[in-house]
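Data block below; observations after.
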Amino acid sequence: MKSLILAEKPSVGKEIARVLGCKQQHKHYYEGNQYVVTWALGHLVTLAEPEEYADKYKTWKLEDLPILPSYMKLKVMKETSHQFRAISELSKRADLGELIIATDAGREGELVARWIMEMVRWKKPFKRLWISSQTDQAIRSGFAQLKEGSNYNPLYESAACRAQADWLIGLNVTRALTSKYNAQLSAGRVQTPTLSMLVDREKSIRSFTPEPYWNVRLDLGGFHALWRSVAGDTRILNEEQGVSIRNKVIDKNGEVSSVQIKEKLEPHPLAYDLTELQRDANRKYGFSAKHTSNVLQKLYERHKLVTYPRTDSRYLTTDMVPTFQYRLKGMSVGPYSSLIRSLPKGKLPISKRVIDDSKVTDHHAIIPTEEPLLLSQLDSDEKKLYDLIARRFISLFYPPYRFDEVQLIIEVAEEAFHAKGHVVKEQGWKAVYSMQKGVAEIEDDVQAESLPVLKKGDKVSIKKVDLQKRLTEPPSQFNEAELLGGMEKHNLGTPATRADIIEKLLQTETIERRGNRLHPTAKGMQLIGLVASELRTPEMTAKWELELESIAHGKGNSKKFLNDIRDQTKSLVDEIAGSKVNYKPHNLTGSKCPECGEFLVERKGKKGKMLVCNNRECTYRRAAENQFINKRCPQCHKKMELRTGKAGKYVHCRPCNVIEMLDGEQRKARANKHQERRLLDKYKAKEETTNSLGDALMAAIKQQDHD
């Protein structure tokens, strides 16, 4: 009997087939002496839509809500049904005695496989391949240590509960909002509290009133000191006091009244989990969370250079320790070879703070694999992301960063001025990042800088005294790194889902990117006011996520969880139905629909802005009016319209039907019959023409008359 292996993607199926020697290639699977390897295409099966429960749900009506099926139906996704049919046919083969689930080793991967198994009615035994990297060695070891499939029943239960909860709350609340306010409004158990974080920050910024304060700063020739009150505050709240302190110390000399030196150790940071990697990639390279996930998946799946990406752990396990030398050897090229050569020979110095079996559940932290590193095969973004992972891993074997923190108090005319500095004693792990000794901002506006060697009682001369006026500043909008940190703090979503939540908010136009910051739109600001307060706050969603985690570990009660979700759904829908809050579409235009008379709203589409009828029952839509720019048509010399197409932005002259790409390439659009007739009439009346188009048209007319 052979085993049927179900991978999540064709590329992974192909690699597994190669490693296991399955050389017979078919359209939907590979076959060998022991195994048949097939694959999903992500999700092949999903939860059924409301209209598949009853025809009345084809129309969105508030009175039909909430929709709370007692049993959640599954359906095959139409766009990938061909692959499902192939798996279904394979499952009926008499020579296949067991199934090996080889989808991604996580909650979502388990759901992909189990729903397929349910739809094909798989009744034979099944096992689980659980690996943390895609190297040949990892695949072989994984197949040599297959797990019992039933061991992962709690993980599947948790995944199914998560999907059903999102369906129940997201679908019902979205339908309720859309029906109530006749607008496309989307809400969900994770996306709404995430949006609420951004809206709350925006409200804080808008309501913020800047207040002035002053600092008195001494220039001491090579370093600086800042006035500080007895209470430790550097801010002076009225100018008169600042002027008084400045005048008091001008033309005076200072004396060192206190020197404090503390040796400090800063241990290396922990290895990356997905969220921390996304945050660092955003801070350093401006990568969106979604882009980081996509690039990381390529490093894991295509290049096999890193371990499983969608992990929430920053720790490693004891049994991995013997593999560290091989991992370092595989990556010892290019900029990493000298860093690895600097490590002690023989046994690696491994910190116990990163080896903790109790803090690793499904997957350990993201680290390099033993696969030989070929930098030339990586594109620019892949190199950048790999570099973050590689340096973080190498730094785990370096000693702590050691430095002396020096604090000086300098008295001038009985006023105390503070200076703070660092004296580096050992770069330690920071050498991996080639970090410079130097200035780093310290709290209370005092900066750490290089200080001269001074002792108590030493005199210092003051070069200059500055009274600096400043204004308190509002908090800034979140960048993705900060938003991911907030989502993690409040337990909103999982490392695997947070990037998609941010993208969903962008796609529904409730938030937008401006530079590297995320801003709520007018639609998003209004939407938060339309949903129940309990859905806006992260506490409820965080509680659900903890319950889902408990279910995944076999400790929670899935039936109770879903019953609570159903009760919550009914409450949320009732609150929307009874709400007296008004909603005004932020993108409503002054143009009316020619078919039903409703006002048109402006929406962003793949090909630019569209005008869409605000009536959900009406299907009218058209391109928004294009912007005229100060670029002239080479034929009629009128201003041309800026438009966007598949090839990018271009300008178009409608009367002449001339297209010019913004890179300067000119194209002649194909004129329709009406335009041809109009041009013929235009130039037939002229006795002379002065351009090539006119000459060509006159020649065509003369030939036409001759015929």
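The values are calculated or read from the model by the stated rules, or taken from the named source; none is laboratory data. These figures come from a predicted structure and were not determined experimentally. FYI the Cβ positions are ideal-geometry reconstructions off the backbone, even for glycines, and counts take in every protein chain you see. Accessible surface areas use protein heavy atoms only, side chains included; no ligands, DNA or RNA. Shrake-Rupley method; radii C 1.70, N 1.55, O 1.52, S 1.80 Å.
Things to note:
- One Cα centroid belongs to segment 257-295, the other to segment 120-157; the line between them spans 34 Å.
- Of all accessible heavy-atom area on the chain, the percent that carbon and sulfur account for (1.4 Å): 48 percent
- Unsatisfied cross-links (Cα-Cα over 25 Å) in the set K264/K384; K262/K489; K264/K352; K56/K180; K9/K609; K604/K649: K264/K384; K262/K489; K9/K609
- Per residue accessible area in Å² of the chain, where ligands, DNA and RNA are left out and the probe is 1.4 Å: 51 Å²
- Once the mean of 1/r is taken over each pair of separate Cα atoms and inverted, segment 198-277 shows a Kirkwood hydrodynamic radius of 17.6 Å.
- Built from the Cα atoms of segment 102-242, the convex hull projects on average onto 20.4 nm², one quarter of its surface area.
- Rg over Rh, two decimals, segment 269-308 (C-alpha only, Kirkwood Rh): 0.97
- Working from Cα pairs under 8 Å separated by at least six residues, relative contact order for segment 208-265 is 29 percent.
- In Hz, Karplus ³J(HN,Hα) per residue of segment 346-354 (6.51, -1.76, 1.60; θ = phi - 60°; x = Gly, Pro): x, 5, 6, x, 10, 6, 5, 6, 9
- Under a 5 Å amide H cut-off, with hydrogens placed 1.01 Å from N, W39 pairs with A7 among residues at least 5 apart or on other chains.
- For segment 500-517, 3J(HN,Hα) per residue [Karplus equation, 6.51 cos²θ - 1.76 cosθ + 1.60, θ = phi - 60°, Hz, x = Gly/Pro]: 5, 5, 4, 5, 5, 5, 5, 5, 7, 6, 8, 9, 8, 8, 10, x, 9, 10
- Taking a sphere under 12 Å around the Cβ of P267 and counting the other residues whose Cβ falls inside, with K and R at +1 and D and E at -1, yields a net charge of +4.
- Pairwise inverse Cα distances across segment 231-356, averaged and inverted, put the Kirkwood hydrodynamic radius at 20.0 Å.
- In Hz, Karplus ³J(HN,Hα) per residue of segment 146-159 (6.51, -1.76, 1.60; θ = phi - 60°; x = Gly, Pro): 4, 9, 5, x, 5, 4, 9, 4, x, 5, 5, 4, 4, 5
- Net charge of the neighbourhood of L375, taken over other residues with C-beta under 10 Å away and scored Lys/Arg +1, Asp/Glu -1, is -1.
- Long-range HN-HN contacts of S591 with modeled amide H, under 5 Å: L600
- Within the chain, helix-based [θ] at 222 nm, where runs of 4 or more DSSP H residues each add -39,500 (n - 2.57), nearest 500: -10500 deg cm²/dmol
- Formal net charge of residues neighbouring V76 (Cβ-Cβ distance under 14 Å; K, R +1; D, E -1): 0
- Sequence-distant residues sharing a close amide H with V45 (under 5 Å, placed H): M77
- With the alpha-carbon atoms of segment 555-617 aligned to their principal axes, the span from lowest to highest coordinate is 56, 32, 20 Å, starting with the largest.
- With N counted as the residues of the chain, its alpha-carbon radius of gyration over 2.2 N^0.38 Å works out to 1.24.
- The protection proxy used here, the mean number of other Cβ atoms lying within 10 Å of each residue, ranks peptides 192-204, 78-90 as follows, highest first: 192-204, 78-90.
- Divide the volume of the convex hull around the Cα atoms of segment 455-546 by the residue count and you get 234 Å³ per residue.
- Length-normalised contact order of the chain in % [C-alpha pairs under 8 Å, at least 6 apart]: 14 percent
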